[in-house]
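Below: the structure, in C-alpha cells.
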Amino acid sequence: MTNVTIRGLCKYFDKVKAVDNLDLQIKAGEFIVLLGPSGCGKTTLLRCISGLERVTAGRVFFDDHDMTYLSPKGRDISMVFQNYAVWPHMRVEKNIAFPLKVKKFPQHEINKRIAWASDLLRIEELLDRYPAQLSGGQRQRVAVARAIVVEPRVLLMDEPLSNLDALLRVRMRSEVKKLQQKLAVTTIYVTHDQVEAMTMGDRIAVFNQGKLQQVGISDAIYHNPANTFVAGFIGSPQMNFIDVEIESRNNGLNLIAKNLTISLNDKFKAKVSEHSGSRNYILGIRPEHIYLTSQSKTYPVTKGKVYFLELLRSDTIIHLETEFGFLVVKEPGDLKLEENKEIEVSFDLNRIHLFHKDTGNSIMA
C-alpha cells in the first residue's frame, strides 16, 4: 500500500488556476473522494497525480519517491475513466489483458490474472464478448478489471459511475467500495455527486475554484462544515442561510433578523466574543433541523407562508416564504399542508451554524 503526498501543487492553464497551491496527504490503503462542482479542479488534480498533466509547480510523492515528472508508465498507477475507454475492436478478455501485454507479462501470468479479475468482478461469462454487446454496467466492470489486473500502487477513478442509470449507480457504489476494501489499494475517486462521496469515501476532500475547502470524514464534513460553500454543497436540500446581526440583550447574545430572534448557546458565545468588532454573520441551519411547531410542540422561532410543497412521499419538502427570505424545511412522511397557509416553525438551536459574513468561514473553525 502506498501513501500519496501532494505538496504545493499548482496547475495553471494560461491565467486559469485549475489547481491552486494544494497540500493533501492520502494514507496508504485509503479510499479518498475528491468532491466538487464541475470546473473546480478535481479531475485536473487526478490527471496531475497520474502524470497525464504536467504540473506548473509543486510535488507529487508516492511514499518517499518523487513522481512529479515521471511519465504515467513509470508511476505504477491505473485509471478508470468516465467514459470507460474500453477498446471496441477487442473482446473483453483482450481488453483486460492489454496492460499486462504492454508490460510484457508471460502468458500464463496473464491468464491467471484475467481469471482472478473476472471472478472478482463477476464477468467470467463476458470474456468472449465485444464491448458493443455489453450494457453500461458491464462495460464499467470491464474497465475496472483492466485497471486492477496490474495490481497498481494507486488506483485513480474519474467519475466512473456517472454514465450509469440511477438504480445501477446505487448498486455499483457498494460494489466499488467492497472491491477497494478487498484490494486494500490506495484509491483516489473523483465525483460531483455528494451521495457517492458520503457513502463511499473514508475521507472526503471538497474543492471549489481550484482550492481545497475542507478534508475529513463524512460526519465532520456534514456536521461541521468549514465554510458556507461546504455547508451549501453538502446536503440535499442544501442548508438554509440567513443574514443576521449579533445583539446583546439581557446579558446574552442574540441573532437578529426581520421577525427572527435566536438566543446563542454557550458554545457560540465565546467564539463570537473573540470577534466582538463584527456584528454581521450568516446563520446556517439544515432543513431537517427545522420543525413545525404543530408537529413537535416546540416554542416557535418564526413563521411564514407555505409557498411550495415537494411531496416525495418518504419526505415532504416545504418552501416557506418568510420576512427574511425563503426557508426550506424537511419533514418526514405525507404531511398534510396546503400552499399559502401560514405556519410556525422552530429551529434546533444545538444544530445551527454561524459563519463570518466577510469570509464565509465558520466561527467554529
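Since every read-out is calculated from the coordinates, none of them should be taken as a lab result. If you're wondering where the values come from, they're calculated on a predicted model, not measured in any experiment. All Cβ positions, even for glycine, are placed from backbone atoms using ideal geometry, and neighbour counts span all protein chains on display.
For the reader, a short list of remarks on this structure follows.
- For the range 226-286 and the range 296-359, distance of Cα centres in Å: 17 Å
- Normalising the average separation of contacting C-alpha pairs (under 8 angstrom, six or more residues apart) by the number of residues puts the relative contact order of the range 272-344 at 32 percent.
- Antiparallel DSSP beta bridges within the chain, as percent of all bridges there, nearest 5: 75 percent
- The chain: relative contact order in percent, alpha carbon pairs under 8 Å with at least 6 residues between: 15 percent
- Between the entries (i) 35, 26, 19; (ii) 47, 26, 15; (iii) 37, 29, 19, the label attached to semi-axes √(5λ) of the Cα gyration tensor in Å calculated for this structure is (ii).
- Taking label positions 7 Å along the Cα-Cβ direction at both Asp128 and Leu70, the computed distance is 4.0 nm, reported to one decimal.
- C-alpha long axis of helix 166-183 to longest principal axis of the chain, angle in °: 60 degrees
- Distance from the Cα centroid of the range 145-166 to that of the range 18-68 is 17 Å (rounded to whole angstrom).
- Most to least packed among 212-225, 244-257 [average Cβ atoms within 10 Å]: 212-225, 244-257
- Based on C-alpha pairs under 8 angstrom that are at least 6 apart in sequence, the range 62-145 has a relative contact order of 41 percent.
- Just checking the listed ones, Gln25, Gln140, Gln209: in the Gaussian network model of the chain with Cα springs under 10 Å, the one fluctuating most is Gln25.
- Expected 222 nm ellipticity per residue - DSSP helices of 4 or more, -39500 (n - 2.57), all of the chain, to 500: -7500 deg cm²/dmol
- From phi via Karplus (6.51, -1.76, 1.60), per-residue ³J(HN,Hα) for the range 241-246 in Hz, x at Gly/Pro: 10, 10, 6, 9, 10, 8
- Subtracting the Cα-Cα distance of Asn340 and Leu168 from 0.36 nm times their residue separation leaves 58.0 nm of extension gain.
- For the chain, a Gaussian network of Cα nodes joined below 10 Å ranks Phe347, Phe13, Phe308 by mean-square fluctuation, and the top entry is Phe13.
- Loop sites in the range 134-187: trypsin sites (Lys or Arg not before Pro), DSSP, at most 12 other Cβ within 10 Å: none
- Candidates Leu335, Leu312, Leu127, ranked by Gaussian network fluctuation over the chain, Cα under 10 Å, top entry: Leu312
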